[in-house]
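Okay, so here's the structure we're looking at.
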Amino acid sequence: MSTTHALLGILASQGISHGYELKHEHDRRLLGVKPLAFGQMYTTLARMLRAGYIAEAAHERVGGPDRVAYRLTTDGRVELNHWLSQEVSPAMHVSAQLFVKVIVALLATPDEATARSFLATQRAAHLVRMRELTTIKTAGGASVTELAAADYLLNHLDADLRWMATTLGRISQLRAEVLA
């Protein structure tokens, strides 16, 4: 995810915002995305200022250090629109930690049973998370954004489970290939 572009989008919708407000809106609006750390947010804002994507709109002092409010610039709007117009390329390489762990388990464990045990444990963890997300969807009261995040995560977890089932079916061949 591009933190810069997420913050540009939030500023586009909010008008003028302080750093703390931007962090809060990021975490509130992008449910399911890892919450933004304050350090990362302020580093990103500094980069955005240098790039000319945002400008300082106001300074306030309320019982502490100055609070800076930011606004989107024309260059920031152009950058945001450019980013939004680009498709997200399907992954060319496997970057999921799950895939790496399975291959390493096949390589580093003493036998196939240990690798199977890892996959069974991982499968159980996926099913627990899927039940949690299903509860969010069925309990009522969830926002449309929360439902969209739950659907996204459920579909990814389901794909992982299907991959694990396929991998379990091939585990003997995979282990032999990995160890070769």
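Derivation of every value follows stated rules applied to the coordinates shown; laboratory data play no part. Here the structure is a predicted model, which means the values were calculated and not measured.
Just tell me which lysines come within less than 25 Å, Cα to Cα, of K137; anything on the same chain fewer than 8 places away is out.
Correct list for K137: K34.
Quick one: P(r) of segment 3-85 from all Cα-Cα pairs, 10 Å bins, percents rounded to integers, in order of increasing distance.
18, 54, 26, 2, 0
With N set to the number of residues, divide the alpha-carbon radius of gyration of segment 97-179 by 2.2 N^0.38 Å and report two decimals.
Against the compact-globule rule of thumb, the ratio is 1.33.
Can you tell me how much longer the chain between N81 and D151 gets when fully stretched, taken as 0.36 nm per residue apart minus their C-alpha distance, in nm with one decimal?
22.6 nm
How many percent of Cα pairs in segment 1-46 exceed 12 Å?
Above the 12 Å cut-off, segment 1-46 has 56 percent of its Cα pairs.
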